[in-house]
Each structure stands twice: as structure tokens, then as C-alpha cells.
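Before any comments, here is the structure.
Laboratory data are not the source of any read-out in this text; all were calculated from the coordinates shown. These numbers were taken from a predicted model, which means no experiment stands behind them. Heads up, the Cβs are rebuilt from the backbone with ideal geometry, glycines too, and the neighbour counts pull from every protein chain shown.
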Amino acid sequence: MTIELTDAQLVERCRAGEQEAWNELVERFSRYVYAIAVRGFRLSENDAEDVFQDVFARTFERLESLRDDTAIRPWLAQMTRNACVDRLRAGTREQPTEEPLADEVDGEIERLDEALDVHEGLQGLPPNCREVLDRFFARDESYRVIGEALDLPAGTIASRISRCLGKLREKLEGRKPSPDPSGG
Amino acid sequence: MSAAPHDEERLGELLGMLPPAPTGWVQAAQELPEARRQLDEIVERAREDAAFRVRLLADLEAALTSAGYVPRPALSEALRARLAELDSA
């Protein structure tokens with residue numbers, strides 16, 4: 001999708017049956033749902049996968065019932081939370097596990113909301129900045145791996161990361177980034 | 001988007017909190033609408049075509065393949081459940 005749609009526009013297009021919009025919706029929220037399951041509830045990868053598929057299946061089935069299209073994010077968070085609790089309780093029947101406290105989960109979801117805001121801020125940066133920041137911070141790749149993937153000398157990665165973080169910070173604070181002829 | 005000021009170290013931490021979900025999971029979720037459409041189509045055909053239904057019950061994966069479908073695990077699993085419902089109805 002070439003033009004960045006708002007969450008509400010995306011939901012509306014998903015309801016109209018547009019496959020491309022559905023792909024974008026899954027892409028936009030996949031990290032968030034995944035992080036709630038593995039960070040917020042500390043689920044195993046197997047359980048997190050079940051929760052992940054379950055949440056998107058329910059989203060697909062119940063999108064009609066979402067009253068406020070702008071509220072897709074909290075709606076997904078709540079659905080993920082419920083699915084994680086169900087999963088943990090089902091698991092407890094077989095093997096006792098400690099369920100995270102509700103306050104801890106609330107705090108973690110709050111931090112993930114902030115993280116998603118920052119991640120969305122990446123979309124306003126040049127593609128080379130988006131990629132280098134995502135690879136380094138979210139994908140935990142080394143300078144060497146990033147350098148090889150982007151065909152850049154490894155010695156320039158640190159300064160590029162720093163420059164791109166500066167741009168991201170300016171973007172999030174609503175300031176216009178200073179022109180950078182190198183584009184990254 | 002948050003208007004709160006962020007220092008760069010904090011921005012890095014926040015970016016690190018959202019690693020990508022495994023590609024296969026994302027792809028499976030994206031394929032859901034098509035998978036649901038195929039499922040409905042196969043169940044409808046099984047309802048109307050007794051011979052096809054018998055073939056599905058005998059060897060689901062082979063019957064799907066010969067009917068031109070890719071018998072992905074999620075499709076096979078969902079189809080087994082729907083066929084069982086059909087049988088009990």
C-alpha cells in the first residue's frame with residue numbers, strides 16, 4: 001500500500017474485503033500482538049503462535065463488531081490479553097505456571113503502546129534510516145550483518161544509526177529534521 | 001504519535017521492544033481470508049457432491065490435492081472440524 005492509511009481507513013478497507021488492506025493490518029499490528037504475548041505474558045513460542053493466529057482469526061471474524069474504527073489498537077490489545085490469559089489458564093491445568101500480575105501486564109502494554117508509536121514514527125523517515133534502525137534495534141543485527149545486507153562499510157553503521165535516531169527524535173517531537181544531503 | 005520528548009537511548013530501547021513476529025506467522029495470518037474462502041468452497045462442494053465427500057473422508061490431503069487445493073495444515077485441520085460438524089448434522 002503506497003499511501004499510509006490511518007488505522008480507521010485500514011479497518012474500513014478490510015471490512016470491504018480488500019486483501020491488500022488485510023495484509024497491511026496484519027503487518028502493522030503483528031509486532032504488537034507478538035510482543036504482548038511474549039513480553040507481557042512471557043508465553044512460549046508455541047503458545048505465542050497459537051495466540052497470534054487466534055487473535056488475527058478473531059479480528060477477521062469480528063471486525064464488523066468493532067464500534068470505533070480508530071480503536072483497533074486497544075481492541076487488539078484486549079483480545080490478545082484475553083487469548084493469553086485463556087492460554088495460560090489452559091496450560092495451568094496441565095502444568096502449574098505463574099500468571100503475570102494484571103498491573104505488570106498493564107504496565108508492559110503501556111510501554112508497548114509507546115514502542116508502537118515510536119515504530120510508527122519510523123514510517124516517516126527515509127527508507128535507509130528505517131531499515132538501519134529496525135535491523136539494529138528490533139532485529140538485533142550486528143554492524144557487520146547490517147553492513148553486508150545494506151552494502152555499507154561496517155565502520156559507518158554506528159554514525160548512521162546515531163544520525164537516524166536524531167531524525168526519528170525530531171520527527172517524534174514534531175520538528176522538521178535538518179536537511180541531510182547524504183539521505184541517511 | 002507520542003509527543004513526549006525521547007532521548008536517543010530511550011528511543012533505541014523502545015524500538016527494541018518490538019521485534020518482528022516470525023515471517024511464517026505473519027504470512028499465515030495474511031492468508032486467512034483466502035483460507036476461509038477456500039474452506040467454505042470445499043465444504044459447500046462436499047455438501048453437494050457425495051463422492052467428493054467420501055474422497056475427503058478417506059484421504060483428505062490427497063482429495064484436496066487432486067481437486068487443485070494446496071492441503072496446508074491449517075486448511076486440513078479446519079476442514080476436518082467442518083466435515084465432522086457436517087457428519088453430525
Would you kindly give the portion of the calculated P(r) for the protein assembly as shown that falls above 31 Å, as a percent of all Cα pairs?
40 percent
Residue (of A:Leu150, A:Leu133, A:Leu168) at the positive-pole extreme of the stretch A:124-175, dipole from beta-carbon charges
A:Leu168
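Mind putting a number on the dipole of the stretch B:23-88 about its Cα centre? Charges go on the C-beta only, +1 for Lys and Arg and -1 for Asp and Glu, and I need it in Debye to the nearest 20. Intermediate results must be reported in sequence, preceding the final value.
Working: 9 positive and 12 negative charges, 7 e Å.
It comes to approximately 40 debye.
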Taking 45 Å as R0, compute the FRET efficiency from the Cβ-Cβ separation of A:Glu61 and A:Leu152 and round it to 0.05.
0.50
Residue-ordered couplings for the stretch B:24-37, obtained by feeding phi - 60° into the Karplus form 6.51 cos²θ - 1.76 cosθ + 1.60 and rounding to whole Hz (Gly and Pro as x), are x, 5, 5, 5, 4, 5, 5, 7, 3, x, 5, 4, 5, 5
Treating the beta-carbon of each Lys and Arg as +1 and of each Asp and Glu as -1, no other charges, what is the dipole magnitude of the stretch A:1-101 about its Cα centre, to the nearest 20 debye?
320 debye
Karplus 3J(HN,Hα) series, Hz, for the stretch A:150-156 with 6.51 cos²θ - 1.76 cosθ + 1.60 (x for Gly, Pro):
9, 6, 10, x, 4, x, 9
Prolate/oblate/rounded call for the stretch B:23-88, Cα gyration tensor, a/c under 1.5 rounded
prolate
